[in-house]
Amino acid sequence: MTEPVPAMLDCPHCGRPTEHELRYAGRLLVSSGCTVCGRSIDLDVRRRYVADLAGRIRSKPRRLVRRLRRHPVAFSAGLPRSTAAKPLRVYEEIKLVLAAAERARRRG
Ligand SMILES: [Zn+2]
């Protein structure tokens with residue numbers, strides 16, 4: 001699962017350092033949320049995530065992007081069993097990446 005990582009960071013809204021929860025998809029930071037005021041910063045890391053994932057499973061990025069866009073669930077279920085990236089974990093990461101990208105898009 002994609003467990004949050006705690007970190008003390010300055011929160012612009014609270015105006016002081018507060019505990020934040022950082023969420024990562026693989027090695028990429030996807031979101032940072034203040035545990036005091038609940039505000040979060042979301043990053044659209046879809047392209048970087050796919051490139052990173054491709055490196056992890058040694059496949060072709062373009063093919064992966066197409067499959068990810070069309071069928072996110074089938075995409076994660078269809079990853080080779082031998083891969084270092086566990087399908088369930090990858091599926092959780094993809095959900096996290098897509099949700100954060102959607103929030104980032106809505107905020108414009
Ligand atoms: Zn805050």
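For this structure, a couple of remarks:
- Of the residues making up the stretch 40-59, those that are in contact with a strand residue (DSSP E or B) (Cβ under 7 Å, 6 or more places away or on another chain) and without any contact (Cβ under 8 Å) to a residue 60 or more places away in the chain number 5.
- Members of the stretch 4-28 that are under 14 Å from ILE94 (Cα atoms) and out of contact with any strand residue (DSSP E or B) (no Cβ under 6 Å at 6 or more places or on another chain): TYR24, ALA25, GLY26, ARG27, LEU28
- Checked against the criterion of being at pLDDT below 75 and under 26 Å from GLY108 (Cα atoms), the stretch 27-38 has no qualifying residue.
- From the list VAL73, VAL90, the lone residue that is surrounded by 12 or more Cβ atoms within 10 Å (Cβ to Cβ) and either modelled with pLDDT of 95 or more or of a type outside the set (D, E, K, R) (or both) is VAL90.
- One residue from LEU9, LEU53, LEU22, LEU79 being surrounded by 12 or more Cβ atoms within 10 Å (Cβ to Cβ), of a type in the set (A, V, I, L, M), more than 10 Å from the chain's Cα centre (by Cα) and modelled with pLDDT under 75: LEU79
The values are calculated or read from the model by the stated rules, or taken from the named source; none is laboratory data. Just so we're clear, the structure is a prediction, and the values are computed from it rather than from any experiment. In this analysis, Cβ positions are derived from the backbone assuming ideal geometry, glycine residues included, and neighbour counts consider all displayed protein chains.
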